[in-house]
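One structure below.
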Amino acid sequence: MRSLLLVALLLLAGCREASVTTRAPTGEELAGVLGTVTTLELTPPRGARTYALSQGMQGLLEETTKDGRLPVTVGLLQDGCTGTQRRLVVRVGGMSSSSCLDLPSAYGATASLPPTERALPLNRWVPVYAVQPSVPGQREGSQVMDDDPQHWTLISVYFSTESDPEALDPPDASTALELLR
């Protein structure tokens, strides 16, 4: 009888109410599921009226700036592409652009390009974000970041005095590489 009572007590102890609670995810947890997301706040130079991004978006600054800054959100997302690809999403104002990048298992993303603190120029492409892939290192199985900016995916901005975004005709965005050499 005593052993039967002990078994009953053990069974009751294991029948506690299950509970489920929720909490806001941490940044690390979100990054593991979604990818990395960064918002850049670009301060346009004096006299700028329009902007263009190397991902094909352009517009009037007065319609998209907040507190005198142009917010540009960049995401390297885990979904929407195949294999080792990551989806690069760039959003400014109400517009967004998306493309798939072939990336190795290791890659880096860098904001605040060029690395010096200086005013952004007018009528010139300036890189503001880079995705830098890794390449095989000298030791077998090692990986190092690719130092050649020509292999990077750049997000660049072009500020102009042009008042009509439709008339904005910047040069090829690859000229932004000049600032990284």
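Some observations on this one:
- Taken over region 32-60, the criterion of being touching a residue at least 40 places away in the same chain (Cβ under 8 Å) and closer than 14 Å to Gly93 by Cα is satisfied by Leu40, Leu42, Thr50, Tyr51, Ala52, Leu53, Gln55, Gly56, Met57, Gln58, Gly59, Leu60.
Matching residues to (1) open to solvent by 60 Å² or more (accessible area, probe 1.4 Å); (2) not in a loop (DSSP other than H, G, I, E, B):
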{"position": "Ser96", "(1), (2)": "yes, yes"}
{"position": "Leu101", "(1), (2)": "no, yes"}
{"position": "Ala119", "(1), (2)": "yes, no"}
{"position": "Pro127", "(1), (2)": "no, yes"}
{"position": "Glu140", "(1), (2)": "yes, no"}
{"position": "Leu154", "(1), (2)": "no, yes"}
{"position": "Val157", "(1), (2)": "no, yes"}
{"position": "Pro170", "(1), (2)": "no, no"}
{"position": "Leu177", "(1), (2)": "no, yes"}
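- Considering region 142-151, and only residues there that are out of contact with any helix residue (DSSP H, G or I) (no Cβ under 8 Å at 6 or more places or on another chain) and of a type outside the set (S, T, N, Q), the residue that is surrounded by the most Cβ atoms within 10 Å (Cβ to Cβ) turns out to be Asp146.
- Flag if Thr50 is touching a strand residue (DSSP E or B) at 6+ places or on another chain (Cβ under 9 Å) and open to solvent by less than 40 Å² (accessible area, probe 1.4 Å): yes
- Among the conditions (1) touching a residue at least 40 places away in the same chain (Cβ under 8 Å); (2) in contact with a His (Cβ under 7 Å, 6 or more places away or on another chain), Glu162 misses just one, which is (2).
- Verdict on Gln132 being of a type in the set (S, T, N, Q) and open to solvent by 50 Å² or more (accessible area, probe 1.4 Å): no
- Residue in region 35-54 that is more than 29 Å from Ala106 (Cβ to Cβ), in contact with a Ser or Thr (Cβ under 8 Å, 6 or more places away or on another chain) and at pLDDT below 90 present: no
- Residues in region 134-173 that are closer than 30 Å to Leu61 by Cα and among the acidic types (Asp, Glu): Glu162, Asp164, Glu166, Asp169, Asp172.
The values are calculated or read from the model by the stated rules, or taken from the named source; none is laboratory data. In this text the structure is predicted, and so the values were computed from the model without any measurement. Cβ sites come from the backbone with ideal geometry, for glycine too, and all protein chains shown count toward neighbours. Just the protein is used for accessible areas: all its heavy atoms, side chains included, with ligands, DNA and RNA removed. Shrake-Rupley method; radii C 1.70, N 1.55, O 1.52, S 1.80 Å.
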